[in-house]
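Peer 1: One structure follows; several queries about it will come next.
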Amino acid sequence: MATIKATMPGVFYRCPSPGAEPYVAEGSDVSEGQTIALIEVMKTFNEVKAEVSGTVTKFLIADGDEVSMGQDIMEVDGA
């Protein structure tokens with residue numbers, strides 16, 4: 001089991017825009033380097049890329065929550 005961490009402080013978003021499908025959901029397979037979320041910092045949206053490949057097993061924060069740099073945001077199994 002591995003965790004993917006926030007790369008910067010800001011607001012965490014699972015979707016590319018309001019009403020859009022999330023980048024990934026629990027049970028989704030992800031590949032290293034794949035965009036999995038966004039973090040908004042001062043009205044700039046920064047992509048969060050998967051650091052490992054595997055299956056998303058759990059989100060550790062909710063969409064729209066504030067995150068700190070290095071905070072765990074999701075768990076990935078099979079990495």
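Read-outs: derived from the displayed coordinates by stated rules, not from any lab. Computed from a predicted structure; not experimentally measured. With ideal geometry, Cβ positions are generated from the backbone for all residues, glycine too; neighbour counts draw on all protein chains shown.
Peer 1: Across region 43-67, what is the number of residues that are acidic (Asp, Glu) and either outside any loop (DSSP other than H, G, I, E, B) or in contact with a Leu (Cβ under 8 Å, 6 or more places away or on another chain) (or both)?
Peer 2: Looking only at that region, the number is 2.
Peer 1: So, in region 29-39, how many residues would count as being more than 14 Å from residue 1 (Cβ to Cβ) and under 12 Å from the mean Cα position of the chain (by Cα)?
Peer 2: Residues flagged as more than 14 Å from residue 1 (Cβ to Cβ) and under 12 Å from the mean Cα position of the chain (by Cα) within region 29-39 amount to 7.
Peer 1: Filter region 64-79 down to the residues that are hydrophobic (A, V, I, L, M, F, W, C) and in contact with a strand residue (DSSP E or B) (Cβ under 6 Å, 6 or more places away or on another chain), then identify the one that is surrounded by the fewest Cβ atoms within 10 Å (Cβ to Cβ).
Peer 2: 79
Peer 1: Another question, if that's okay. Please count how many residues of region 1-37 are touching an Asp or Glu at 6+ places or on another chain (Cβ under 9 Å), surrounded by 19 or more Cβ atoms within 10 Å (Cβ to Cβ) and not in a loop (DSSP other than H, G, I, E, B).
Peer 2: So the count comes out to 6.
Peer 1: Out of region 31-79, which residues are β-branched (Val, Ile, Thr), within 16 Å of residue 12 (Cα to Cα) and free of Cβ contacts under 8 Å to residues at least 40 places away in the same chain?
Peer 2: 35, 36, 39, 41, 44, listed by residue number.
Peer 1: Looking only at region 10-63, which residues are in contact with a strand residue (DSSP E or B) (Cβ under 7 Å, 6 or more places away or on another chain) and of a type in the set (Asp, Glu)?
Peer 2: 26, 29, 40, 47, 51, 63
Peer 1: Pairs only if they're at least six apart or on different chains, beta carbon under 8 angstrom, first in region 4-25 and in contact (Cβ under 8 Å) with a residue 24 or more places away in the chain, second among the β-branched types (Val, Ile, Thr) and assigned to a loop (DSSP other than H, G, I, E, B); list them, first residue then second.
Peer 2: That search, which allows pairs on different chains as well, returns 4/52; 12/61; 14/24.
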